[in-house]
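Undergrad: Here it is, the structure in full.
The values are calculated or read from the model by the stated rules, or taken from the named source; none is laboratory data. In this text, all values refer to a predicted model and were calculated from it rather than measured experimentally. With ideal geometry, Cβ positions are generated from the backbone for all residues, glycine too; neighbour counts draw on all protein chains shown.
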Amino acid sequence: MKASAFSYARASSVVDALELLARHGDQAKVLSGGQSLMPALNLRLSAPELLVDIGAIDELRGISVASGVLRIGALTRHVDVLKSAEIAKHAPLLTEAIAHVAHPAIRNRGTFGGSLAHADPASELPACVLALDAVILVRSKDGERRIQAADFFTGIYETLLASDELLVAVEIPVAKPNAVHFFHEYARRKGDYAIVGLAASGILSGDVLTDLRLGYFAVGDKPMLATATEHLTGRPVTASMLADAQAALDAELDPQEDQQASVGMRRYLARQLMARCVSALLERPDLETKALA
């Protein structure tokens, strides 16, 4: 199957792109890396009248650090995030997670902002920006909005991004002293969509976790920031506390069944990821062992 007919415009600047989006509204689609959009067009899951190619807008690329904030331009490719020394220093969770994104050919073309705007609930990066308490910058002809990552994702392939807005950058607080992170996903093969995954960040003070943020993906219609962390922070974690947190997590989850996994399997894997995460962050293998017993 091939894409239905559409018009094509290559934007020369952000202003140019925003004018095109304002003029055509929801009849236009933005093309950045194209690794998700092009298959959708060919399968006719998306049929825009106009494709706005923003690939030539250099101001949307790059990684920088200033005033305690790491800024990633929307058109920064996955491979550039993977190789960035600034990312590895200030947001190592991204370095670890992005190695799991599809395959090298996809990472060489796919973009950071494109992944967030696409909002696939099984994608790694949306969960990562939740875990890192990121702010997503979007712009229209009327000005710029700053949206907390926790509010940005609204459903399957849905976000707060309006049809006349462009995602331009992501801002992430640089890692604090004693910051820790965790990433793992269960997939049938490396590069496949995750069955269940977890991206986490926190602060470790002795044997106590604080500011723990657990960003789950592939457990519902959007990435989920678990609130069950209240059972795991502020005091040394015991097996009983972990069990309480797992029970609270189970109550939060609303996973879907598909060809990869049943609802029960996803719930089980999510609970085990929590145990694996806490055990790794605290360097307490006994916690994971007791959770699996």
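Undergrad: State which residue is nearest to K190 (Cα to Cα) when the search covers only the stretch 75-92 and only residues that are in contact (Cβ under 8 Å) with a residue 40 or more places away in the chain and touching a Leu at 6+ places or on another chain (Cβ under 6 Å).
TA: Once the filter is applied, the top-ranked residue is A91.
Undergrad: Now for a different question. For residues that are of a type in the set (S, T, Y) and not in a strand (DSSP E or B), scanning just the stretch 146-205, find the one that is modelled with the lowest pLDDT.
TA: Y193
Undergrad: Return yes or no: is A17 modelled with pLDDT of 95 or more, out of contact with any strand residue (DSSP E or B) (no Cβ under 8 Å at 6 or more places or on another chain), small (G, A, S) and not in a loop (DSSP other than H, G, I, E, B)?
TA: It is false that A17 is modelled with pLDDT of 95 or more, out of contact with any strand residue (DSSP E or B) (no Cβ under 8 Å at 6 or more places or on another chain), small (G, A, S) and not in a loop (DSSP other than H, G, I, E, B).
Undergrad: Scan the stretch 121-154 residue by residue and report those that are surrounded by fewer than 18 Cβ atoms within 10 Å (Cβ to Cβ) and touching a residue at least 40 places away in the same chain (Cβ under 8 Å).
TA: Listed by number, the residues that qualify are D133, S140, K141, A150, T154.
Undergrad: Now a separate question. Are there any pairs with C-beta distances below 7 angstrom linking a residue in the stretch 267-289 that is more than 21 Å from E252 (Cβ to Cβ) to a residue that is part of a helix (DSSP H, G or I), with the two at least 6 apart or on different chains, and if so which?
TA: P285/S279
Undergrad: Another one. Taking L51, is it in a strand (DSSP E or B) and touching a His at 6+ places or on another chain (Cβ under 6 Å)?
TA: Working: in a strand (DSSP E or B): yes; touching a His at 6+ places or on another chain (Cβ under 6 Å): no.
No; evaluated as a whole, the condition is false for this residue.
Undergrad: Does L45 satisfy the criteria of being outside the structural domain of L161 (by TED's automatic domain parsing), farther than 25 Å from R146 by Cβ, buried (at least 18 other Cβ atoms within 10 Å of the Cβ) and under 24 Å from the mean Cα position of the chain (by Cα)?
TA: Taking the combined requirement at face value, the residue does not satisfy it.
Undergrad: Within the set of pairs 6 or more residues apart or between chains, which connect a residue that is in the same structural domain as H118 (by TED's automatic domain parsing) and without any contact (Cβ under 8 Å) to a residue 12 or more places away in the chain inside the stretch 209-236 to a residue that is among the acidic types (D, E) and assigned to a strand (DSSP E or B) with Cβ atoms less than 8 Å apart?
TA: none
Undergrad: Now a separate question. Can you find a residue that is closer than 19 Å to H181 by Cβ and not acidic (D, E) anywhere in the stretch 259-270?
TA: yes
Undergrad: Could you list all residues from the stretch 26-42 that are exposed (fewer than 14 other Cβ atoms within 10 Å of the Cβ) and either among the aromatic types (F, W, Y) or modelled with pLDDT under 90 (or both)?
TA: P39, N42, listed by residue number.
Undergrad: Please specify each residue of the stretch 48-61 satisfying the condition of being closer than 19 Å to R139 by Cβ and either exposed (fewer than 15 other Cβ atoms within 10 Å of the Cβ) or touching a residue at least 40 places away in the same chain (Cβ under 8 Å) (or both).
TA: First, the residues of the stretch 48-61 that are closer than 19 Å to R139 by Cβ: 50, 52-61.
Within the stretch 48-61, L50, V52, D53, I54, G55, A56, I57, D58, E59, L60 qualify.
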